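The values are calculated or read from the model by the stated rules, or taken from the named source; none is laboratory data. Source: prediction; values computed, not measured. Reconstructed Cβ throughout: ideal geometry from the backbone, glycine too, with neighbour counts over all protein chains shown. Calculation scope for accessible area: heavy atoms of the full protein, side chains included, ligands and nucleic acids excluded. Shrake-Rupley method; radii C 1.70, N 1.55, O 1.52, S 1.80 Å.
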Amino acid sequence: MTRTHCPYCALQCGMTLTPSEEGVSVTPRDFPTNRGGLCQKGWTSADVLRAPDRITRPLVRGESGDLEPVSWDEALAYVAARVRAIQAAHGHDAVAVFGGGGLTNEKAYQLGKFARVALRTRHIDYNGRFCMSSAAAAGNRAFGVDRGLPFPLADVAGADAVLLVGSNVADTMPPLVQHLGPVRAKGGLVVVDPRHSATAALTDAESTGAGGLHLRALPGTDQVLLLGLLHLVVADGLADEEYLAARTTGWDDVRRSVALWWPDRVARVTGVPEALLRRAAHLLADASPARGGAGAVVLTGRGAEQHTDGTDTVTAAINLALALGLPGRRSSGYGCLTGQGNGQGGREHGQKSDQLPGYRMIDDPEARAHVAGVWGVDPDLLPGKGVPAVELLGKLGGEVRGLFVHGANVLVSAPDALAVRRRISELDLLVVCDFVPGETAQLADVVLPVTQWAEEEGTMTNLEGRVLRRRKALDPPGEARSELDILADLARLLDSPAAFETDPATVFDELARASAGGRADYSGLSHARLDAVEEGLFWPCPAGSDGTPRMFTERFAHPDGRARMVATTPGAPADDLQPDRPVYLITGRVLAHYQSGAQTRRVAALNRASAEPFVELHPQLARRLAVDDGDDVAVTSPRGTAVARARITTGIRPDTVFMPFHWPGAGMANAVTNDATDPISGMPEFKVCAVSVARADLATALHEAPRPDTEEIPA
Ligand SMILES: Nc1nc2c(c(=O)[nH]1)N[C@H]1C(S)=C(S)[C@@H](COP(=O)(O)OP(=O)(O)OC[C@H]3O[C@@H](n4cnc5c(=O)[nH]c(N)nc54)[C@H](O)[C@@H]3O)O[C@H]1N2
Ligand SMILES: Nc1nc2c(c(=O)[nH]1)N[C@H]1C(S)=C(S)[C@@H](COP(=O)(O)OP(=O)(O)OC[C@H]3O[C@@H](n4cnc5c(=O)[nH]c(N)nc54)[C@H](O)[C@@H]3O)O[C@H]1N2
Ligand code: SF4
Ligand SMILES: [Mo]
């Protein structure tokens, strides 16, 4: 019996693995986030361990153009030789690394070190840029530190009201819904979503008895809505002036800036009736401890964040929370619901283009000296700042000639993915480490097979900032190896001036030293210490500390101890409605599939639950387009077209269609999405762009729909 955690999302539900005939079987385990619950993906997660097309040998593209099995020595020697040749011709920065928020802390740390000292490239970034970067930027700006939830998830259950902006937890983190139970029973749940999502449905009176509020805002208007709520807080005298004076700076500016956003104007921009805005503002204010309530929590998800003004939208959410005096108070605060399994830890240990381990900035001389000291290299050898993910993908085939991919499937998940496919095919070298032949691996020159969650030791940091142990239950199949071994071998072949450890506990100890004194301080943690506690430990955890479940109770992380309020101005979608593209496309997730689907599309039970992509559209729009339920519908932008079956529902606004992004091929949502990014965080605007929508049989005459073909890979 092995006690570990689910391989997928940031809830990191506790599970026990028991040896079985097929390998291991999964049973849920009581852990503070899931309390014995698991979603369908967690229940079936062991199926991916035995995926029939699992990669078990290193593959190199041969003369025939096919990927052919070779020995590890051959594969790694080939990679090292190609890297040397590219760097000799084009410089160190011509080789780039693209990481992932699913990697363990140990792997994320080692990948950042590998890029900086073995490849000596400034070009490293990761898929967390698609996911967490706007909330991280806003958290750093306001609080001086970014931890998704600065309090344990269970605290939410003690609140009277929860405002959930652009998050569909009922599908994306089902066991989390338990923590909302008491709030729903009091009628305190407020959900902002253009769709009547499974989470919005939790506010239905029939579902709870009490009922909450669903604010069905126009896509991309969350910031206006939040400024409108803050306007009402000011106008109705609901702000916690004592807290604002004692614990924040910038309130005067922010107060003045929301004067413009009176309710009637906000109602016109967002489409949310004035009466609902007033009820939401008062519900939150009455729940705040300052006004005698049990607590109020403001949470954001990707619906609010994946916009070109995402950082400012999160800032507006934080300003609202601060005005009500919530952060650092009991059962109260602001939090962002981090998405990937190690979306939190993945952003702390050096995968970001501008950061070194422990959340240190790579252009800070003191930070460079500290980390270079741990690595045993000269600080001048470390490269400078790179560029965020979308910009990095834009350089492929140009300035960047070689790419290592660890834990992302950008051919399906990146915005404007057809353009990414074109650029990737221009590379001189693409090396993909993965355990299944995802769409990106299928294009690679070299595919290196790696271990999966249940085959490895390590740590993950969940959405609460809780560091927990991933444990090994079985051996990997064939010749699959840990990325820690692969990186160490490659570093040696590239004559790295620093040594690379391969034992996860030893790598963790090194990470802990590198993080010491940084914003995300892990120096008091070790595998042994984490093994001795049942429920993990929260960072910051400097040596001698027992960790920090609740942050900001006394002070914020800025040097003056105060939170910084910054006035913001809402932006419009970068690709806004046009006469010939009169509908908004929004994108997101379904319960049964995870991200690019590389893992979950390999699980039969999940394919049965959710077999194919679809387009959700309102009956009014469907009637106008002569579309029946189940018809193929083409959704088109200047980037490309996606064709998928119509699902007609009154749950969506008539001016908006929704598509999940889990599938490649004709129905790939990211053929259509826009790669414009937030200027502060670099996060792309996945959540909104303007499209034309038509029945596919009528549309193909108008647009030559580009249909990315899927290439075969040898088993
Ligand atoms: N089943 C499943 N669970 C997952 C994942 C998965 O792929 N599948 N991925 C994990 C990861 S990495 C992440 S980041 C999280 C994401 O978790 P969520 O943020 O909950 O997921 P999404 O479905 O991307 O977006 C949430 C909602 O935003 C709405 N939305 C779209 N546009 C807007 C808008 O302009 N404003 C507002 N307010 N809402 C809008 C959508 O209708 C959708 O219901 O889920 C994690 N859990
Ligand atoms: N249209 C649209 N697009 C989106 C989003 C959206 O809401 N709408 N959401 C975005 C978000 S929030 C995210 S997080 C991204 C995620 O999108 P991706 O980055 O594509 O994420 P995954 O599909 O999880 O891809 C992970 C890949 O890494 C492999 N893998 C898993 N663990 C490991 C490991 O330990 N080592 C290695 N080497 N490989 C591993 C898996 O098999 C898989 O092939 O998608 C983004 N794309
Ligand atoms: S909610 Fe997330 S962590 Fe929990 S079982 Fe589902 S995918 Fe796994
Ligand atoms: Mo994500």
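Excluding Pro273 itself, what net charge comes from residues whose Cβ is under 15 Å from its Cβ, given Lys and Arg +1 and Asp and Glu -1?
Result for the local shell: +4.
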CD proxy at 222 nm, helix term only [per DSSP H run n ≥ 4: -39500 (n - 2.57); per residue of the chain; nearest 500]: -8000 deg cm²/dmol
When the accessible area of region 2-50 is computed with all protein chains present and a 1.4 Å probe, what percentage of it is carbon and sulfur? 49 percent
Give the Rg (one decimal place) followed by the Dmax (whole number) of the chain, computed from C-alpha coordinates and expressed in Å. 24.4, 73
Below 8 Å, C-alpha to C-alpha, sequence gap of six or more: please give me the relative contact order for region 2-50 in percent. 31 percent
By the scheme Lys and Arg +1, Asp and Glu -1, what is the net charge of all other residues having a beta-carbon under 11 Å from that of Gly358? +1
Give the long-range amide H neighbours of Leu189: residues separated by 5 or more places, or on another chain, with amide H under 5 Å away, using H modelled in the peptide plane at 1.01 Å from N. Val162, Leu213
Checked against a 28 Å limit on the C-alpha separation, the offending pairs among Lys352/Lys395; Lys107/Lys687; Lys107/Lys385; Lys113/Lys687 are Lys107/Lys687; Lys113/Lys687
Over the chain, calculate the relative contact order: mean separation of alpha carbon pairs under 8 Å at least 6 apart, over the residue count, as a percent. 19 percent
Give the carbon-plus-sulfur fraction of the accessible surface of region 342-429 in %, rounded to a whole number; probe 1.4 Å, heavy atoms of protein chains only. 45 percent
For region 133-337, what is the relative contact order in percent, using Cα pairs closer than 8 Å and at least 6 residues apart in sequence? 29 percent
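What's the local net charge at Lys687, with K and R +1, D and E -1, over the other residues with C-beta under 9 Å away?
Every neighbour counted, the sum reads -1.
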Expected sort for 368-379, 130-141 on mean C-beta neighbours within 10 Å, highest first, is 130-141, 368-379
Could you give each residue of region 449-454 its phi-based ³J(HN,Hα) in whole Hz, using Karplus coefficients 6.51, -1.76, 1.60 with θ = phi - 60°, and x for Gly or Pro? x, 10, 6, 9, 2, 7
Using only alpha carbons, build the gyration tensor for region 583-695 and give me the equivalent ellipsoid semi-axes, biggest first, whole Å. 21, 20, 12
Only helices at least 18 Å long along their axis, Cα-based, and averaging 0.5 or more on Kyte-Doolittle count here, so list those DSSP H runs from the chain. 222-235, 310-323
Just the number please: accessible area per residue for the chain, 1.4 Å probe, all protein chains included, in Å². 33 Å²
Quick one: pull the percent of accessible area on region 583-695 belonging to carbon and sulfur, 1.4 Å probe, ligands and nucleic acids left out. 47 percent
At 20 °C in a medium of viscosity 1.002 mPa s, region 133-337 has a Stokes-Einstein diffusion coefficient, with Rh taken as the Kirkwood radius over alpha carbon pairs, in µm² per second, of 131 µm²/s
